[in-house]
1. What are the membrane-span-like helices in the chain by this rule: whole DSSP H runs, Cα extent along the axis at least 30 Å, mean Kyte-Doolittle hydropathy at least -1.0?
2. In debye to the nearest 20, how big a dipole does region 1-86 give about its Cα centre with +1 on each Lys and Arg Cβ and -1 on each Asp and Glu Cβ?
3. Less than 20 Å apart at the alpha-carbon level, and either on another chain or at least 8 residues along: which lysines does that give for LYS116?
4. Show me, bin by bin at 10 Å from 0, the whole-percent P(r) of region 2-113 based on Cα pairs.
5. Over region 1-86, average the accessible area per residue using a 1.4 Å probe and give it in Å², no decimals.
6. Tell me the label-point distance for the pair ALA88, ILE48, using the 7 Å Cα-to-Cβ offset, in nm and rounded to one decimal.
7. Taking a virtual spin label 7 Å from the Cα of ASP109 along the C-beta vector, which residues in region 78-102 bring their backbone nitrogen under 17 Å of it?
8. For the chain, what does the helix formula give at 222 nm: sum of -39500 (n - 2.57) over DSSP H segments with n ≥ 4, over the residue count, nearest 500 deg cm²/dmol?
Amino acid sequence: YASFPDLKAFERRLTEYIACLQPATGRWRMILIVVSVCTATGAWNWLIDPETQKVSFFTSLWNHPFFTISCITLIGLFFAGIHKRVVAPSIIAARCRTVLAEYNMSCDDTGKLILKPRPHVQ
């Protein structure tokens, strides 16, 4: 497709856009991992505490602020759309594949175009 400058420009822009998303995606993934580990650690401490069974639910949460805060943070991150931000490049590539399929093309996860052979019409 070297003789089609529009395709080359589209591919360049798509790869540039996906590459531009990668640093932010990496940061969001790290934030999600850290908050998830904090929540899991806090949940473990909350569950193994013998006082948890003896007091009410809200009192047990009050007695374990690390778990409570990390759990609220994790829920807030999901409501803010972190699950979409950690996979944003994949979403963009998948949507491009859907559109490009009509033109007998596809793209990889980095945005490089893949030209498929033309179907043989008889």
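The values are calculated or read from the model by the stated rules, or taken from the named source; none is laboratory data. Predicted model only: the values in this text are computed from it and were never measured. Cβ sites come from the backbone with ideal geometry, for glycine too, and all protein chains shown count toward neighbours. Just the protein is used for accessible areas: all its heavy atoms, side chains included, with ligands, DNA and RNA removed. Shrake-Rupley method; radii C 1.70, N 1.55, O 1.52, S 1.80 Å.
1. Helix filter hits for the chain: 5-48.
2. 260 debye
3. Within the straight-line limit of under 20 Å, LYS116 reaches these lysines: LYS8.
4. Result returned by the calculation: 13, 29, 20, 16, 12, 8, 2, 0.
5. Roughly 72 Å² per residue, with all protein chains present.
6. Here the answer is 3.8 nm between the modelled labels.
7. Under 17 Å, as judged by backbone N against the label point of ASP109, lie 84-98 of region 78-102.
8. Helix-only estimate at 222 nm: -23500 deg cm²/dmol.
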